[in-house]
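So the structure is just underneath, and the comments pick up after that.
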Amino acid sequence: MIKKLITVIFILASTISIGMAQVKPPAPYRPVPLVNQLKWQAMEYYAFVHFSLNTYTDQSWGYGNEDINLFNPKELDCRQWARICKESGMKGIIVTAKHHSGFCLWPSKYTEYSVKNAPWKNGKGDIVRELADACKEYGLKLGIYVSPWDRNHPDYGKPEYITYFRNQLTELLTNYGPVFEVWFDGANGGSGYYGGANETRTIDRTTYYDWSNTYKMIRKLQPDIVIWNDGGDRGDLRWVGTEAGFVGETNWSLLNATGEVTWNMLHFGLESGDSWVPAEVNTSIRPEWFYHPSEDNKVKTVPQLMDIYYHSIGRNGTLLLNFPIMPNGLIHKNDEKAALEFAQVVKESFDENLAEKASVKVSSVRGKDKKYEARMVIDGNADTYWATDDTVTTASLTIEFKKPTLINRFLAQEYISLGQRVKAFTVEALVDGNWKEVAKGTTIGYKRIVRFPGVLATQVRFTILESKSSPVISTIGVFNAPVFLNAPTIIRNQTGEISIAADDIGPLLYYTLDGSEPTSKSNRYVSPVKTEGKVEVKAIVFDPATGKSSSVAVEKFDLPKTNWKILQVEDSRAYSILDGDIHTGWHQHKDKKMPIDLVIDLGSEQTLSGFRYFPDQNMWEPSYIARYEFYISTNNEDWKLVSQGEFPNIKNNPLWQVKNFAPAKARYIKFRALKNTEGNNETGYAEVDVITN
Ligand code: FUL
């Protein structure tokens with residue numbers, strides 16, 4: 001009897017202890033982020049401000065000899081910068097404490113080329129100090145951009161400069177409180193003032209700065225910092241290979257610690273990388289980084305900014321958005337307006353996670369332990385997660401709504417403290433009883449958001465198709481974000497194919513080719529449409545979820561340029577001026593001198609009555625043709641001048657320039673540039689077209 005009792009007690013005890021046995025969390029899948037990188041990643045969105053002496057000379061890069069007396073921002077107010085950033089939902093501000101010109105926004109004791117010798121506040125001012133104070137007041141973190149390249153310093157290129165550079169870094173990282181990020185621009189070496197030497201100096205980017213010792217010094221001064229470096233040793237973060245505001249759809253937060261870094265590695269990360277080096281997407285709210293009055297009307301629009309959002313934060317990156325500061329020391333009202341409206345749309349898009357009101361089920365749970373079950377992805381806690389057993393690398397999660405629910409965005413987050421794992425996933429929606437794939441993707445990482453046309457779904461299924469190791473998902477979200485119903489853009493390429501695009505991925509596109517008004521009953525646009533001859537395309541954006549349409553976009557295309565040849569030019573990139581896309585352009589070689597001709601064979605004789613020119617928008621080398629002559633010929637020998645004159649407001653408004661002339665037959669055209677807006681020999685074209693009778 002006693003023996004029996006002991007056995008029962010033993011069985012009971014062991015059952016209880018099994019029930020309470022802790023299921024171990026998934027082991028980290030290395031490499032994993034450092035604490036500093038985790039904190040930085042969670043910031044998601046922060047600002048750049050570009051301000052320097054070259055703000056006063058309308059330049060992109062100062063040469064290093066700009067007159068200090070120009071620096072007098074009479075209305076400077078770093079609290080205005082901080083307020084705008086805070087209201088925009090940003091978490092920090094990185095300031096160009098020293099840009100390539102070498103001019104310092106703080107009174108460095110190691111140079112005379114700083115605010116201390118400027119008329120501003122009689123040399124008593126310190127912009128880094130004012131910004132540090134403003135950031136503190138607004139609860140923002142401070143970041144510092146210090147250009148390793150210094151076009152002012154006489155010692156640049158010599159070992160002595162490294163001491164100077166480190167002394168300056170020490171000042172910046174000691175005197176202004178905590179600094180979350182330090183930014184070392186990759187532009188390095190070249191022509192400069194260099195204390196009056198006015199010469200070109202080159203350095204070896206891999207050795208000159210002795211980065212490893214500089215890094216040690218930085219980490220000692222600021223243990224919580226992250227280092228961005230595009231110029232030498234791998235830092236804690238990486239550039240994404242473009243300043244246009246997007247990282248690859250596949251985005252691994254990994255690189256190798258040593259060895260070559262190709263453009264692809266920057267843009268997509270390196271799946272097999274041995275180090276955690278996540279992506280920071282840097283772009284400006286205007287075309288340029290520094291302020292240029294001519295760009296006051298070129299501030300990015302909300303749809304453009306939203307696109308950047310989905311292509312940066314929505315693709316496992318952070319977003320570093322730049323505000324150029326005006327000569328008066330303030331952010332322009334147009335930039336402020338765009339940033340605040342952008343923030344509003346982000347808020348409206350992601351405020352309500354519809355998954356939180358639904359029930360969530362998963363294909364399997366790690367050790368069947370409640371700690372890793374499905375609802376962890378909607379508990380609002382970034383530190384809890386849904387996980388599976390170690391051997392599981394495909395899994396699915398299904399969200400069941402109480403009633404059909406309109407959705408157009410899906411969000412997923414991996415618990416990256418344990419590494420980045422997912423390689424491929426799909427999102428399906430149950431619509432009218434049928435499963436339909438609405439989106440698919442590759443990597444997830446810290447955060448991934450996919451867009452799709454609105455659907456009225458009763459369920460959503462997220463399937464992880466492939467993962468490096470068992471998936472660990474901390475957050476899932478489904479949203480019904482506002483969609484933009486701006487009229488679409490319509491382009492035709494050289495072979496006559498029409499492409500139609502909307503600002504937003506949500507809505508659908510419909511078009512007509514016969515001049516009739518498009519409706520949601522017209523042709524649905526899904527892929528480029530081949531057209532012949534002259535054609536008038538009308539298109540709308542239509543949101544099936546609301547039944548609303550955009551205004552109608554209309555484009556009239558002349559004859560396709562199928563057989564056009566650009567003569568006397570070897571460069572195949574020249575054909576981008578015939579591809580119908582105003583965002584791609586080409587410049588004639590710099591060694592040419594005005595007048596510069598562009599000669600095109602149209603392939604057959606036509607009756608011409610005009611031409612159109614769209615200047616290249618390349619912000620680094622403005623090259624809009626301002627005075628021109630236009631010739632036609634039937635044999636490429638005898639030329640007839642049919643139009644000449646100027647494109648009057650092209651500098652401020654570089655859009656389509658249309659010129660008509662008396663109809664005449666021709667097979668060849670010669671577009672001669674006599675003068676550009678910059679007074680140099682740069683000649684850029686985004687598109688060139690003719691008007692036939
Ligand atoms: C570039 C620099 O050359 C630009 O002037 C700007 O500072 C940008 C953020 O980085 O490489």
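The values are calculated or read from the model by the stated rules, or taken from the named source; none is laboratory data. For clarity, every value in this text was computed on a predicted model and none was experimentally measured. Every residue, glycine as well, gets a Cβ built from its backbone with ideal geometry; the counts of neighbours run over all protein chains shown.
Only one of these conditions is not met by I285: (1) in contact with a strand residue (DSSP E or B) (Cβ under 7 Å, 6 or more places away or on another chain); (2) away from the ligand (no atom under 15 Å from the Cβ); (3) more than 30 Å from K423 (Cα to Cα). Which number is it?
Failed condition: (2).
In the set L485, L465, L509, which member is hydrophobic (A, V, I, L, M, F, W, C) and surrounded by fewer than 19 Cβ atoms within 10 Å (Cβ to Cβ)?
Numbers: L485 fails: surrounded by fewer than 19 Cβ atoms within 10 Å (Cβ to Cβ); L509 fails: surrounded by fewer than 19 Cβ atoms within 10 Å (Cβ to Cβ).
It is L465.
When you scan the range 466-543 for strands (runs of 3 or more DSSP E) that lie fully inside it, which ones turn up with 2 or more residues that are touching a residue at least 60 places away in the same chain (Cβ under 8 Å)?
472-479, 489-492
In the list I378, I331, which residue meets the criterion of being more than 16 Å from the ligand (Cβ to nearest atom), modelled with pLDDT of 95 or more, farther than 30 Å from R79 by Cβ and touching a helix residue (DSSP H, G or I) at 6+ places or on another chain (Cβ under 6 Å)? Talk me through it step by step, then tell me what you get.
Working: I331 fails: farther than 30 Å from R79 by Cβ.
Exactly one residue qualifies, and that residue is I378.
For the range 105-120, state whether one or more residues are away from the ligand (no atom under 16 Å from the Cβ) and within 30 Å of the chain's Cα centre (by Cα). Steps first, answer last, please.
So in the range 105-120, the residues away from the ligand (no atom under 16 Å from the Cβ) come out as 106-120.
Within this subset, residues satisfying the condition of being within 30 Å of the chain's Cα centre (by Cα) are 106.
Within the range 105-120, one or more residues are away from the ligand (no atom under 16 Å from the Cβ) and within 30 Å of the chain's Cα centre (by Cα).
Does any residue of the range 296-315 turn out to be modelled with pLDDT under 95, assigned by TED's automatic domain parsing to the domain that holds K39, within 16 Å of the ligand (Cβ to nearest atom) and surrounded by fewer than 23 Cβ atoms within 10 Å (Cβ to Cβ)?
Within the range 296-315 (the criterion being modelled with pLDDT under 95, assigned by TED's automatic domain parsing to the domain that holds K39, within 16 Å of the ligand (Cβ to nearest atom) and surrounded by fewer than 23 Cβ atoms within 10 Å (Cβ to Cβ)), the answer is yes, since at least one residue qualifies.
On the basis of being within 16 Å of the ligand (Cβ to nearest atom), within 22 Å of G235 (Cα to Cα), of a type in the set (S, T, Y) and modelled with pLDDT of 95 or more, does S101 make the cut? If you could, list the steps in order and put the result at the bottom.
Values: within 16 Å of the ligand (Cβ to nearest atom): yes; within 22 Å of G235 (Cα to Cα): no; of a type in the set (S, T, Y): yes; modelled with pLDDT of 95 or more: yes.
No, not satisfied.
Checking G241 against (1) buried (at least 18 other Cβ atoms within 10 Å of the Cβ); (2) modelled with pLDDT of 95 or more; (3) touching a His at 6+ places or on another chain (Cβ under 8 Å); (4) farther than 18 Å from V146 by Cα: exactly one of these is not met. Which one?
Here G241 clears every test but (2).
Take the residues in the range 169-202 that are touching a helix residue (DSSP H, G or I) at 6+ places or on another chain (Cβ under 9 Å) and either outside the structural domain of V261 (by TED's automatic domain parsing) or among the hydrophobic types (A, V, I, L, M, F, W, C) (or both), then tell me which one is nearest to the ligand (Cβ to nearest atom).
Once the filter is applied, the top-ranked residue is F184.
Show the residue pairs that are 6+ apart or on different chains and have beta-carbon atoms under 8 Å apart, the first residue being within the range 58-73 and within 14 Å of K98 (Cβ to Cβ), the second being within 16 Å of the ligand (Cβ to nearest atom) and β-branched (V, I, T).
Here the result reads E66/T57, each pair linking the range 58-73 to a residue that is within 16 Å of the ligand (Cβ to nearest atom) and β-branched (V, I, T).
So Q344 passes all but one of these: (1) surrounded by fewer than 16 Cβ atoms within 10 Å (Cβ to Cβ); (2) over 30 Å from P73 (Cβ atoms). Which condition number does it fail?
The number of the failed condition is (2).
Per-residue answers, yes or no, for (1) among the acidic types (D, E); (2) free of Cβ contacts under 8 Å to residues at least 40 places away in the same chain:
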site	(1), (2)
D571	yes, yes
A574	no, yes
D581	yes, no
Q588	no, no
K592	no, no
V599	no, no
F611	no, no
P615	no, no
E629	yes, no
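Tell me which helices (runs of 4 or more DSSP H) are completely within the range 1-90 and hold 2 or more residues being modelled with pLDDT of 95 or more and surrounded by 17 or more Cβ atoms within 10 Å (Cβ to Cβ), or say none if there are none. Full working, then the answer.
Numbers: elements: 2-20, 35-43, 78-87.
Those helices (runs of 4 or more DSSP H) span 35-43, 78-87.
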